[in-house]
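Enquirer: Below is one structure. I have some questions about it.
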Amino acid sequence: MNFLITGGAGFIGTALANQLVQAGHGVRALDDLSAGDSRGLDPRVVFARGDARDVPKLWGLLRDVDCVYHLAARVSVPESVLYPVEYNAVNVGGAVALMTAMRDAGVRRVILASSGAAYGEQTRQPVSENAVMHPVTPYAVSKLAAEYYMHAIGALAGIETVALRIFNAYGPQQQLPPAHAPVIPRFLQAALNGSSLVIFGDGNQARDFVYIDDIARALCLAATARNVNRACVNIGSGAATTMNQLVDEIETLLATRVHRLYNDEGGAGVSRLVADISLASKLLDWSPRVALRQGLAQILKLDPRFQARSAQSHAATH
């Protein structure tokens, strides 16, 4: 098959593109490189730099494409609170532009990388896809709006649409920006540097961490799955991990103790968010294979940013 991946040089996009070409598919990747890095892509991936809202550019890239993955988005929850206009423009505008271009080009299936963040605070856990949505940040609203636009335009234009609500993605090569960095690489970096580790709230808020290879496999399966049109499907580990438990795992893995600093001035987010992944098993024949401890070990083994310091940490404790 021939695929187009928007946001194809990002963390998830790169893993997906590489998995697809290794399976023998043709892959085109579009990315503006505002957060991605095309150097991680397999040489067989055809890379184009550009904006996912550029409809004429999309027309060219969509020629002879069987299925599109829409991953292009701004993804920082705290940043979205500061810049809601930009998050709406990119995350919602990008989805609308892509669906318009696909309608014009006659492409018949699209898979959206949505987010578990769209659920917001939920009393019933784990959260199933039929829960009432309570998005509480501009990022969460933008992902939910993208789902609605995609399904609505898809229904009108005869395009099959699937939204995968991905929970907390992590793995080697995850971006580590100076501000609003994802929690796992931020915690690993602090632990390996001997820095204090800042935990928002009391550390008892629980999240569902899902490994990058498992996410890429779910996305691959969604391209050919049957009876998934208009579906929204959770992609998570199905396991709850509190921030305190995450730090415990890192301490165990590095055979060290870290200094924990608790910050009560907001930023902890919802109290608990864990995915019910039974629908993914039913519709995609998918279940996660990598547990958190194994995934953390893979980061230390495969990510050059952490390898040397991890080895030094182990040498210092033995």
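Enquirer: Once the Cβ-Cβ distance between E251 and A48 is put in as r, and R0 is 41 Å, what FRET efficiency do you end up with, to the nearest 0.05?
Expert: E(calc), rounded to 0.05, equals 0.40.
Enquirer: HN-Hα J couplings of region 123-136 from phi, Karplus 6.51/-1.76/1.60, θ = phi - 60°, integer Hz, Gly and Pro as x?
Expert: 6, 8, 10, x, 8, 9, 5, 8, 5, 6, 6, 9, x, 10
Enquirer: In the chain, what % of DSSP beta bridges are antiparallel (nearest 5)?
Expert: Bridges in the chain are about 5 percent antiparallel.
Enquirer: Post the alpha-carbon centroid distance, region 239-270 to region 49-127, in whole angstrom.
Expert: Cα centroid of region 239-270 versus Cα centroid of region 49-127: 31 Å apart.
Enquirer: Which value at 222 nm does the chain reach when only helices count, each DSSP H run of 4 or more adding -39,500 (n - 2.57), with the total divided by all residues and rounded to the nearest 500 deg cm²/dmol?
Expert: Taking each H run of at least 4 residues, the total per residue is -12000 deg cm²/dmol.
Enquirer: So which chymotrypsin sites (Phe, Trp or Tyr not before Pro) in region 68-119 end up in coil per DSSP with only 16 or fewer other C-beta atoms within 10 Å?
Expert: Of the chymotrypsin sites (Phe, Trp or Tyr not before Pro), not one in the loops of region 68-119 has a Cβ with at most 16 other Cβ atoms within 10 Å.
Enquirer: Here's something else I'd like to know. Kindly provide the pair-distance distribution of the chain built from C-alpha pairs, with 10 Å bins from 0 and whole-percent values in order of increasing distance.
Expert: 6, 27, 36, 22, 7, 1, 0
Enquirer: Another question, then. Please return the longest range in the chain lying between exposed loop sites, taking trypsin sites (Lys or Arg not before Pro), DSSP loop only, at most 16 other beta-carbon atoms within 10 Å, and leaving the sites out.
Expert: Result, exposed sites excluded: 125-225.
Enquirer: Follow-up question, since we're still on this one. What FRET efficiency would be calculated for the residue pair Q307, D37, taking the C-beta separation as r and a Förster radius of 25 Å, to the nearest 0.05?
Expert: 0.90
Enquirer: For region 20-137, what's the radius of gyration and Dmax over Cα atoms, in angstrom?
Expert: In Å, with Rg to one decimal and Dmax whole: 16.2, 46.
Enquirer: How big is D, in µm² s⁻¹, for region 195-318 by Stokes-Einstein at 10 °C and 1.306 mPa s if Rh is the Kirkwood radius over C-alpha pairs?
Expert: Using the Kirkwood radius from Cα pairs, D works out to 96 µm²/s.
Enquirer: Moving to a separate point now. Can you pull out the GluC sites (Glu not before Pro) in region 183-279 that DSSP calls coil and that have at most 14 other Cβ atoms within 10 Å?
Expert: Counting only loop positions with at most 14 other Cβ atoms within 10 Å, the GluC sites (Glu not before Pro) in region 183-279 are E265.
Enquirer: Another question, if that's okay. For S287, project a label point 7 Å along Cα to C-beta. Then give me every residue of region 223-243 with its amide nitrogen under 14 Å of that point.
Expert: Counting only backbone N, you get 236-239.
Enquirer: Here's a follow-up. Return the sequence-ordered ³J(HN,Hα) values of region 225-232 in whole Hz as given by the Karplus equation 6.51 cos²θ - 1.76 cosθ + 1.60 applied to θ = phi - 60°, using x for Gly and Pro.
Expert: Values per residue, Gly and Pro as x: 5, 9, 6, 10, 4, 6, 7, 10 Hz.
Enquirer: Oh, and also: At a Cα cut-off below 13 Å, give the aspartates and glutamates reachable from K57, other chains included and same-chain residues fewer than 8 away excluded.
Expert: D31, D32, D104
We did not get these values from a lab; they are worked out from the coordinates using the rules stated. None of these values were measured; they are calculated from a predicted model. Cβ: placed from backbone, ideal geometry, glycine included. Neighbour counts: every protein chain shown.
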